[in-house]
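Written below as structure tokens is the structure these notes are about.
Derivation of every value follows stated rules applied to the coordinates shown; laboratory data play no part. Model, not experiment: these values are computed from the prediction. Positions of Cβ are generated from backbone atoms using ideal geometry, with glycine treated the same way; all protein chains shown enter the neighbour counts.
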Amino acid sequence: MDLIVQFSNVHKFFDGHEALKNINLAFNKGETTVILGPSGSGKSTLLRCINLLETPERGTLAIGDIIVDLSKPISKKERLAIRQNTAMVFQSFNLFPHMKVLQNVMEGPVTVLKEERAAAMEKGKRLLTKVGLSHKMDSYPSQLSGGQQQRVAIARALAMEPKFLLFDEPTSALDPELEGEVLKVLKDLSEEGKSMIIVTHNLSFAKEVADRILFLENGEVLFDGETKKFFDNKENDRIQSFIQSMQFI
Amino acid sequence: MSREMEIAIESFWPILKAGLAVTIPLSLLSFAIAMVIAVITALARMSNVSILRYVFGLYVWIFRGTPLLVQLFIVFFGLPNIGIVLDAWTASIITFSLNTGAYASESIRASILAIPKGQWEAAESLGMTYWQVLRRVIAPQTIRISLPPVTNDFIDLVKGTSLVASITLADMFMIGQQITARTYEPLLIYSLVAAIYLLFITVLTFVQGRLEKYASKYI
Ligand SMILES: Nc1ncnc2c1ncn2[C@@H]1O[C@H](COP(=O)(O)OP(=O)(O)OP(=O)(O)O)[C@@H](O)[C@H]1O
Ligand SMILES: [Mg+2]
């Protein structure tokens, strides 16, 4: 498998607190990785370091042939190059409220990728159809339900044709009835072979969709391996108690 | 017709004319310049270049911390001492632009800060540059949020222009003073001046309402 995202000896500090401790990881193309771990363990931080929304202080980050030495100041060009390879879906959707749904999806292709408006519009409509929202393309985000907004956000991310899709708790702000519609879209994408990294607290979803599980605690990777091995784990007490504690939610 | 009535009718047009010739153009021109200054100042004060933050912070500190009338006197009567002689119009425009710019920069800065951080993050994660984020995502939302406070700054400016009477500009207030000196009807004439200001501000408030409605159509 081609290697795409690689962390080497990455450290991230927040005011002296070490949120990521010497991370060495590779994320592969076509894989769906789910990141699990208790609150505050550094899941979001790890995900946000991939597209440099957070900038680690030490280590190297490589995406494809872009290699960034994090201990040096990162140029705007490097930052943009890294970001062109990834797209992020947020817990709070973060759609642009002043743009209609279709404009939201077209914004990246037109403004960043400099695609023709007509082509971007075609693509936008196709992606909205894919997430089941073509009938909402002329609505404003405020007129949509949370689940619909998150599906638009997924279409917006897909429109950038990123090598990697990043999801930070994409369903945590949603009612259970709305969660399903978003998880279904994620599952479809995973089955298409998209490269995805998903932070979630939904264990049954992780079990069903993930090719690989990362388990974080205190800024360290405690488990990195196949999904089945994670859930069948008998040796690691910490992981077992985590899985148990999640089962009563 | 009573004498008061006659004076009021006679005075109305000269005062309004001064409003159309001085108060309104002075307000509009100063406000336009002030908005440019305000946007630059707001961005500079949020930039990560510390010298920019410091210099523009100093500017806001000085212009908000001193009385407008004193600023006007320094520019018009004071600067000639160091060889800068400005006519009353130029001195007024400079002073009002800088003064309103300082206040409005705070209104705009507060509005930008009111936009959720997630908007920046979403735009940046699409790969937008700082200026693209500002233009495409932040500016349209800032306009909506800053309409009420910036209109407030504008209203203060319009009323503040009455101070130019003290540096020889024949605005509504000065014309009012002249008529009062002739007719000895201060209550009548100054009330008339006040009413015309109120009329101007009322129009402004109406425009604000329309703009707000338009800018909020996505809410
Ligand atoms: N912007 C920040 N400033 C200061 N500390 C931060 C910041 N972001 C995260 N942290 C700290 O870094 C650690 C890891 O946070 P992170 O948000 O990555 O956790 P998480 O695993 O995503 O948790 P959750 O499941 O609650 O979302 C926490 O101790 C957190 O307090
Ligand atoms: Mg998190």
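So the values come out like this:
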{"read-out": "Loop GluC sites (Glu not before Pro), the stretch A:144-249, which have at most 16 other Cβ atoms in a 10 Å radius of their Cβ (DSSP)", "value": "A:GLU192, A:GLU235"}
{"read-out": "13 Å reach of a label modelled at B:ALA21, 7 Å along Cα-to-Cβ, counting backbone N of the stretch B:162-192", "value": "B:169-176"}
{"read-out": "Hull volume in cubic angstrom per residue (convex hull over the Cα atoms of the stretch B:3-215)", "value": "132 Å³"}
{"read-out": "Tilt relative to chain B, helix B:139-160 - C-alpha long axis, 0 to 90 degrees, to 10", "value": "20 degrees"}
{"read-out": "Volume in Å³ per residue [convex hull over Cα atoms, computed for the stretch A:158-243]", "value": "118 Å³"}
{"read-out": "Residue among B:LEU192, B:LEU169, B:LEU58 with the largest mean-square fluctuation in a Gaussian network model of chain B, springs linking Cα atoms under 10 Å", "value": "B:LEU58"}
{"read-out": "Label-reachable residues, the stretch B:159-193, where backbone N falls under 18 Å from a point 7 Å from B:GLU10's Cα toward its Cβ", "value": "B:175-193"}
{"read-out": "Trypsin sites (Lys or Arg not before Pro) within the stretch A:75-142, DSSP loop, no more than 10 other Cβ atoms inside 10 Å", "value": "A:LYS114"}
{"read-out": "Two-site FRET efficiency, B:LEU187 against B:ASP87, from Cβ-Cβ distance with R₀ of 25 Å, rounded to 0.05", "value": "0.15"}
{"read-out": "Length gained when the stretch A:SER145-A:GLU18 is fully extended (0.36 nm per residue, less Cα-Cα span)", "value": "42.0 nm"}
{"read-out": "Sum of -39500 (n - 2.57) over DSSP H runs of 4+, divided by residues of chain B (222 nm, nearest 500)", "value": "-24500 deg cm²/dmol"}
{"read-out": "Spherically averaged projected area of chain A from its Cα convex hull (nm²)", "value": "13.8 nm²"}
{"read-out": "Of A:LYS234, A:LYS21, A:LYS194, the one that fluctuates the most in a GNM where chain A has Cα springs shorter than 10 Å", "value": "A:LYS234"}
{"read-out": "Loop chymotrypsin sites (Phe, Trp or Tyr not before Pro), the stretch B:157-219 (other Cβ atoms within 10 Å of the site Cβ: 10 or fewer; DSSP)", "value": "B:TYR184"}
{"read-out": "Length gained when the stretch A:LYS114-A:SER241 is fully extended (0.36 nm per residue, less Cα-Cα span)", "value": "40.8 nm"}
{"read-out": "Principal axes of the protein assembly as shown: Cα extent on each, largest first, Å", "value": "101, 51, 45"}
{"read-out": "Per-pair calculated FRET efficiency, R0 = 41 Å: B:LEU29 and B:ILE115 via Cβ, rounded to 0.05", "value": "0.90"}
{"read-out": "Centroid-to-centroid separation of the stretch A:64-142 and the stretch A:192-216 [C-alpha atoms, Å]", "value": "22 Å"}
{"read-out": "Cα-Cα over 24 Å, subset of A:LYS21/A:LYS194; A:LYS130/A:LYS229; A:LYS125/B:LYS117; A:LYS207/B:LYS117; A:LYS12/A:LYS43; A:LYS12/A:LYS194", "value": "A:LYS21/A:LYS194; A:LYS130/A:LYS229; A:LYS125/B:LYS117; A:LYS207/B:LYS117; A:LYS12/A:LYS194"}
{"read-out": "Förster radius 41 Å - calculated FRET efficiency between A:GLU122 and B:LEU204, Cβ distance, rounded to 0.05", "value": "0.35"}
{"read-out": "Simple label model, 7 Å out from Cα along Cβ direction - A:PHE231 to B:ILE219, nm", "value": "4.6 nm"}
{"read-out": "Simple label model, 7 Å out from Cα along Cβ direction - A:ALA26 to A:LEU80, nm", "value": "3.0 nm"}
{"read-out": "Residues whose placed amide H lies under 5 Å from that of A:PHE13, excluding near-sequence neighbours", "value": "A:ALA19, A:GLU57"}
